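What follows is calculated from the coordinates using simple rules that are stated; it is not laboratory data. Since this is a predicted model, take the numbers as computed values, not measurements. Cβ placement follows ideal geometry from the backbone for every residue including glycine, while neighbour counts extend to all protein chains displayed.
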């Protein structure tokens, strides 16, 4: 899946920090959910009014606010005002084609990630921007659409009575990053299956235009993946270098684990880039070999018929005095030559292993 590197024309001429949604509209509704938890309690609810969020600001527990669907830019802007988020950050949240990045502000941290998933057997990659704002007791997540990305994490919070509920908002942010990065392993497995299928096809069948188109499409998808996966290494490195009090030292241990996973995924993707280039070389070689086989057959036929054409040309000349023409065995003799020459040439080609 390729996408434009340019923002919407709707933003041209607008001042920085303009509250307008730019990107693919995945759903028309903006849905807000809250999960509030501590060691002793968990509350999950749907927010109908932004005023309902305010009561959690007085709570000592950790609150996870999930905003799904960014088409209602005003709602996102109001949430930014509630938590005193810089207008430029709100603008980035609403601009769906952001590069993964990490930014530090006075009382919060801003993280942009991309959730990538292959939607079908043809390995067509769909991406979704996930913006994370980490505050002291809040984690705000902004997504483009409603899906099951965080459902395992929600279930873990609901059933856990141990470390998760006591680790704070920074640990929740780590868990969100971890689930996004781990999802990339599924993507890598799908890519591996697609590449293996092409390899098997190239080995067992003749090269076709469909194989070439598949290789080219996978190369485009790989460029799309690399654009959003490669910066994750920088994001994790920046978080590990951060001296912000919002990321405690014991959480950095877990962030290093996410960083290791990201590096493994990036290395795998880089290796697949080389593999696809090799597959393209194999395809070109297969096409060349097929063409060589055709040319070899044509050359054999030409080599056989050249002497026959020469003989036929000689005896087809209209000279009056050609002694062989009056010989009664001339006709069967010339046919014997016409049969013997191809047989001898074919035997010679076989001996030289040209056939």
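For the stretch 290-351, the equivalent ellipsoid derived from the alpha-carbon gyration tensor has semi-axes of 30, 14, 6 Å in decreasing order.
Normalising by residue count, the stretch 208-355 has a Cα convex hull of 162 Å³ per residue. For the stretch 136-277, the direction-averaged projected area of the alpha-carbon convex hull comes to 10.7 nm². Taking the chain as a Gaussian network of alpha-carbon nodes connected by springs under 10 Å, the highest mean-square fluctuation of the residues 240, 117, 54 belongs to 54.
Pairing the Cα long axis of helix 169-204 with the longest principal axis of the chain, what angle in degrees results, from 0 to 90 and rounded to the nearest 10? The angle comes out near 10 degrees. Take every Cα-Cα pair in the chain and report what % of them are more than 24 Å apart. Counting pairs separated by more than 24 Å, the tail of P(r) holds 67 percent.
Helix-derived [θ] at 222 nm for the chain: sum -39500 (n - 2.57) over DSSP H runs of at least 4, divide by residue count, nearest 500? Mind dumping the intermediate values first?
Numbers: 8 runs with 189 residues, N = 355.
The per-residue figure over the chain is -18500 deg cm²/dmol.
Normalising the Debye intensity of the stretch 97-213 to I(0), with uniform scatterers on Cα atoms only, and taking log10 at q = 0.12, 0.14, 0.23 Å⁻¹ returns -0.58, -0.71, -1.34.
Comparing 225, 284, 247 in a Gaussian network model of the chain (Cα springs below 10 Å), the most mobile by mean-square fluctuation is 284. Reducing the stretch 258-320 and the stretch 55-82 to their Cα centroids gives an inter-centroid distance of 61 Å.
Considering the chain as a Gaussian network with a 10 Å cut-off on Cα pairs, which listed residue, 143, 101, 57, attains the greatest mean-square fluctuation? Comparing 143, 101, 57 in the GNM, the peak value goes to 57.
In the chain, the longest principal axis of the Cα atoms and the axis of helix 249-315 are about 10 degrees apart.
Work out the FRET efficiency for residue 344 and residue 287 from their Cβ-Cβ distance, taking R0 = 30 Å, and round it to the nearest 0.05.
Numbers: r = 34 Å, r/R0 = 1.12.
Once rounded, the FRET efficiency stands at 0.35.
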